[in-house]
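Below is one structure, written out as structure tokens, with a few remarks after it.
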Amino acid sequence: MNILVLVKEVPDMEKVKFDQEKGVVDRSSAEAEINPFDENALQAAVDQKEKEQKNVTVTVMTMGPQRAEKTLRDAYARGADKGVLLTDRKFGGSDTCATAKTLAAAIRKIGNFDLILCGEKSVDGDTAQVGAEVAEFLDIPHAYYVEEIRNLDHDSVQVTIENIGGDRQVRTMKLPALIGVTKNISRPKLPTVNRKLESLTIQVETITLQDLNGFMSEEECGFKGSPTKVSKIEIPKEVKKNNQVFREDFTAFLQSVTDVLTEKGIV
Ligand code: FAD
């Protein structure tokens, strides 16, 4: 069984700065890390490998600049078997459509995947579109907001989906299929020292646009292949709240709250 996990390298969102005019992330302003949802996807794949000693190979794939190779080494340290980096200056500026087309072209080129996992969304672009688009370009079934892999065999996968509003849905799909996972699907484990050291020496497969010849054209990738342009990013202004703190016994507290609500004409 071959499982592919799509991982995106994202900046540390606590520290990153945005170029608000150009509508891009200033990636040099913060350290990069694996998109947190993708850590859950990766752990879910590794859990399948460890479960019942199944013969499972876990490959991770990322599209990004050369330095995103670090993300693949990190994924190896966390239990993946192989890493594939899609990198080319011509892939730069991809919107979700061009990103998904490029990932799908590389998946077709490598072939032979039974199950593809991705995060429900990234924490930078945050569109939650790429996974479903990859599935559409590959013409395979997909399920999103998956919180549990109930059963995985050679022909099918059965998953639990967390619907908006909190109810659950169980879905069975024929393989190959793609699932987009929520944080509930797994508890990411820390890498061991041995795997970390090994990860520094593994061979990462690199795929450029030229390698995808016959699977996609230059017009379909990067800026050229992106119908969506982010024209501007605006950070919402912090709302100043006029909080009042009451340190009184409960009856006096209730009276104070009632007074404030009466004064504001709410009660
Ligand atoms: P999502 O769809 O949120 O990611 C879902 C999953 O797909 C991830 O968890 C991961 O498993 C997989 N995945 C996503 N990207 C990669 C990758 N590069 N390599 C491997 N796996 C991946 N683009 C638009 O088309 N429309 C927009 O409105 C838009 N708004 C943006 C706003 C901001 C602030 C920024 C920074 C970018 C925006 N983009 C937008 C560009 C978008 O972020 C990129 O196209 C990006 O490559 C994919 O979209 P996402 O981050 O939203 O991924």
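The values are calculated or read from the model by the stated rules, or taken from the named source; none is laboratory data. All of these numbers come straight from a predicted model, not from anything done at the bench. Counting neighbours? That spans all protein chains shown, and the Cβs are built from the backbone with ideal geometry, glycine included. These area figures cover heavy atoms from the full protein model, side chains too; ligands, DNA and RNA do not enter into them. Shrake-Rupley method; radii C 1.70, N 1.55, O 1.52, S 1.80 Å.
When ARG89, ARG73, ARG108, ARG78 are checked against the criterion of being over 18 Å from THR127 (Cα atoms), of a type in the set (Lys, Arg) and in contact with a Phe, Trp or Tyr (Cβ under 9 Å, 6 or more places away or on another chain), ARG108 stands alone in meeting it. Assessment of the range 225-244 against the conditions (surrounded by 13 or more Cβ atoms within 10 Å (Cβ to Cβ), modelled with pLDDT under 95 and within 16 Å of the ligand (Cβ to nearest atom)) yields at least one matching residue. Consider the range 245-258 and keep the residues that are of a type in the set (Val, Ile, Thr) and open to solvent by 100 Å² or more (accessible area, probe 1.4 Å). The one that is nearest to THR96 (Cα to Cα) is VAL245.
Of the residues making up the range 188-224, those that are aliphatic (A, V, I, L, M) and either open to solvent by less than 100 Å² (accessible area, probe 1.4 Å) or touching a Gly at 6+ places or on another chain (Cβ under 7 Å) (or both) are ILE202, VAL204, ILE207, LEU209, LEU212, MET216. Of all residues in the range 23-57, those satisfying the criterion of being open to solvent by 40 Å² or more (accessible area, probe 1.4 Å) and more than 30 Å from ASP155 (Cα to Cα) are VAL24, ASP26, ARG27, SER28, GLU31, GLU33.
Quick one: would you say GLY111 is farther than 25 Å from ASN194 by Cβ and surrounded by fewer than 19 Cβ atoms within 10 Å (Cβ to Cβ)? Spelling it out, GLY111 is indeed farther than 25 Å from ASN194 by Cβ and surrounded by fewer than 19 Cβ atoms within 10 Å (Cβ to Cβ). Looking only at residues in the range 1-19 that are within 10 Å of the ligand (Cβ to nearest atom) and open to solvent by 30 Å² or more (accessible area, probe 1.4 Å), the one that is modelled with the lowest pLDDT is ASP19. Residues that are open to solvent by 50 Å² or more (accessible area, probe 1.4 Å) and more than 13 Å from ALA104 (Cα to Cα) within the range 126-141 comprise ASP126, THR127, GLN129, PRO141, listed in sequence order.
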